[in-house]
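Have a look at the structure below, then the notes.
Bear in mind that the values in this text are calculations on the coordinates, not laboratory data. This is a predicted model, so every value here is computed, not measured. Every residue, glycine as well, gets a Cβ built from its backbone with ideal geometry; the counts of neighbours run over all protein chains shown.
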Amino acid sequence: MKELAYLNKYFYKYRWKLIPGVLFVIISNYFGILPAKVIREAFDLVKDNIDLYRLYDGFERQELVYKVFGSSLFLFGAIVLILALLRGVFLFFMRQTIILTSRHIEYDLKNEIYNHYQELDFAFFRKNNTGDMMNRATEDVNQVRNYLGPAIMYAINTVVLSIMIIYAMYAVNPKLATYSLLPIPILSVVILFINKIINKRSEKIQRQLSTLSSFVQETFSGIRVIKTYAREQDKMKSFAEESNLYNKVSLDLVRIQAVFFPLIIFLISFSTIITVYIGGIEVSNGTITAGNIAEFIIYVNQLTFPAMSLAWVTSLFQRAAASQKRINEFLKTQSNIKDGSQASILNGSIKVENISFTYPDTGIKAITNLSFEIAPGKTLAIIGKTGSGKSTLANLLLRMYDVDKGTITYDNTNIKNIKTNSLRSQIGLVPQQVFLFSDTIASNISFGLDTIDYPRVEQAAKDAAVYDNIINFEDGFETSIGERGITLSGGQKQRVSIARALIKDPQILIFDDCLSAVDTKTEEEILRNLSKIMAGKTTVFIAHRISTIKNADHIIVLDEGRIIEQGTHNELMTLKGEYFELHEKQLLEAN
Ligand SMILES: Nc1ncnc2c1ncn2[C@@H]1O[C@H](COP(=O)(O)OP(=O)(O)O)[C@@H](O)[C@H]1O
Ligand SMILES: [Mg+2]
């Protein structure tokens, strides 16, 4: 329940919708119990009129009594009908206010969660898998909405209706009221018990359903592998097994639900029998009328609904609390990266002093005591084996993680004091792992801009040497890629990704091994274009081919997170160390 308190701010926000909603609940319930009183009057009227009718036996007036009796019964019928209509109208208003509000809050909550996700750092996204994050923003919010809407509505309804009915019963005859109400607590206990079983079985179904859908999702993602290894039959068999399990747990639920209603009706009929029996004695004692018995039977039957919804509402509350707990866990997670406050234009000078970094989740020390400096407009190249920490360094330069030791400064400002938004928007990073959105090529290239500027998109594509490929597609820059579009080759994707960084025209460019999937001829073309673009810009060039970087102003050779050699291409060649060896090896491979 403590967890659900988080939602109170939303109740406050929508209070002018919720307060009338509660009033509508009370009014509709009032109209709900009035018919019982009308029916009592009608019953008593029937008895009186029959007596009167007998009295006038043989008189002319008898006919008149009969007529008056008929029209008054008709009137009572009409009143009951009107009351039912009024009740319906207010029920409609009740749903329109409370259920509608729950939808508004659901919308607000989803936005809040989504926006919060966007603010979290890389470490969070590595720790939590996508399915879990999606679930909290969808399925859990859905459970919470059930609390905000139906659960609260029926909870108020149950309380109001029970109080009104019990009050009405005691007002007529306390003794009869006590006896009639006797089976109700037993009924509630039985309902609570069965409801627990129903909940357990529903959860089982949910779990099996999510297993089943994960299975299907993975099958479709990996369909190529499944087909090439001819494992279709095997997958079908596994699917059938999972489906059978789902079928079994579903039937378990249906079975218990099937006994639920008959059992309730059975228990309610006990109340009715008691009412008729005790009521009959009271009538013959003359304390109540026959109409009161009819009235009581209606009350007792009306109490079935609160008794049933009590159990249902309890389970909705419990589920919502569990879901809100999961949502709160994520909402309370704060990014480890504390945003800075300065948002100045970067000149392009970068200074890295003695930095060390260990990945918090794996404990792998990726960078150790690393230092270097780049003057504005210069090119720094980083080369080294896979796993030597090159990509980690690129991420640190964008402050995707904070360093454990040492400092990174841009234009003499510590990276921690710069607004991350400002920093990242002034750096063009081409990541090692290309990711393109399921959108058009033009949208993907202009991702870093607010609008699609076609001349700039085309120029960026030309600079990245992918223009010719794009215009050869039927739809050119409007070609969709991803899920329902075409699939680009690895090299084409890398070049689109380069164009995306270039279009921003940033002062600092970082290329993380982004030419690995292009052939040497294209690589040369890109490098030629880049040398023009890079003039005056600070560039960090991460590569594993020496041919890519030999013109850099300064080259760093990384190994296990440390600098093992550095200098210009010529200096490193004369050193005859790792760099030289790598050069020889790559020369051999090329030939
Ligand atoms: N997100 C991560 N979480 C934990 N360890 C990582 C992560 N990324 C990389 N590493 C580890 O850090 C080391 C350096 O990796 P990386 O910077 O990707 O090297 P490179 O780019 O030079 O191939 C490797 O040992 C790698 O296993
Ligand atoms: Mg890498």
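Going by how many other beta carbons lie within 10 Å of each one, how would you line up Leu73, Leu588, Leu83, fewest first? List each step's numbers first, then the result.
Values: Leu73 14, Leu588 8, Leu83 19.
Ascending Cβ contact count within 10 Å gives the list Leu588, Leu73, Leu83.
So how many Å³ per residue does the convex hull of the Cα atoms of region 380-493 work out to?
On the way: hull volume 17.2 nm³, N = 114.
Taking only Cα atoms, region 380-493 has a hull volume of 151 Å³ per residue.
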Point-to-point label distance, Tyr53-Phe124, nm (Cα→Cβ direction, 7 Å offset):
7.7
With a Förster distance of 60 angstrom and the Cβ-Cβ distance between Asn244 and Glu353, calculated FRET efficiency to the nearest 0.05 equals 0.45
If you take the C-alpha gyration tensor of region 174-287, multiply each eigenvalue by 5 and take the square root, what semi-axes do you get, largest first, in whole Å?
56, 11, 7
With charges set only on the Cβ (+1 for Lys and Arg, -1 for Asp and Glu), what does the dipole of region 267-411 come to about its Cα centre, in debye to the nearest 20?
720
Residue ranges of DSSP H helices in the chain that stretch 27 Å or more (Cα, own long axis) and have mean Kyte-Doolittle hydropathy of at least 0.0 are 15-55, 62-119, 152-172, 183-221, 232-285, 290-332
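What number comes out for the charge environment of Asn414, summing +1 per Lys or Arg and -1 per Asp or Glu over other residues with Cβ under 14 Å away? The partial results should precede the final answer.
On the way: positive: Lys338, Lys351, Arg399, Lys405, Lys416, Lys419; negative: Asp339, Glu353, Asp402, Asp411.
Local net charge: +2.
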Considering Cα pairs under 8 angstrom that are at least six residues apart, work out the relative contact order of the chain and quote it in whole percent.
14
Could you tell me the ratio Rg/Rh of region 512-558? Both radii from Cα atoms, Rh via Kirkwood.
0.93
Once you have all Cα-Cα distances for region 94-142, histogram them in 5 Å bins from zero and send the whole-percent values.
5, 18, 25, 20, 13, 8, 6, 3, 2, 0
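Return the loop-located trypsin sites (Lys or Arg not before Pro) in region 316-352 (DSSP other than H, G, I, E, B) with at most 10 other Cβ atoms within 10 Å of their own Cβ; answer none if there are none. If you can, show how the numbers build up before the last one.
Details: sites: Arg319, Lys325, Arg326, Lys332, Lys338, Lys351; in loops: Lys338.
Counting only loop positions with at most 10 other Cβ atoms within 10 Å, the trypsin sites (Lys or Arg not before Pro) in region 316-352 are Lys338.
Using Cβ counts within 10 Å as a stand-in for footprinting exposure, how do Thr520, Thr420 rank, fewest first? Mind dumping the intermediate values first?
Working: Thr520 12, Thr420 19.
By the 10 Å Cβ count, ascending: Thr520, Thr420.
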Give, to the nearest whole percent, the P(r) tail of the chain beyond 48 angstrom, counting all Cα pairs.
42
Rounded Å value of the spacing that divides the Cα centres of region 451-495 and region 554-591
35
Percent antiparallel among DSSP beta bridges with both residues in the chain, to the nearest 5?
50
Order these by the 10 Å Cβ neighbour count, fewest first: Glu474, Glu523.
Glu474, Glu523
Stokes-Einstein, Kirkwood over Cα pairs, region 256-316, 20 °C, 1.002 mPa s; D in µm²/s equals 165
Write down the percent of antiparallel bridges among all DSSP beta bridges whose residues are both part of region 350-590, to the nearest 5.
50
Region 350-590: equivalent-ellipsoid semi-axes (sqrt of 5 x gyration tensor eigenvalues, Cα, Å):
30, 22, 16
P(r) weight above 18 Å for region 42-116, C-alpha pairs, percent:
65
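Working out 0.36 nm times the residue gap between Asn336 and Arg562, then minus their Cα-Cα distance, what length gain in nm do you get to one decimal?
The span from Asn336 to Arg562 would gain 78.8 nm if fully extended.
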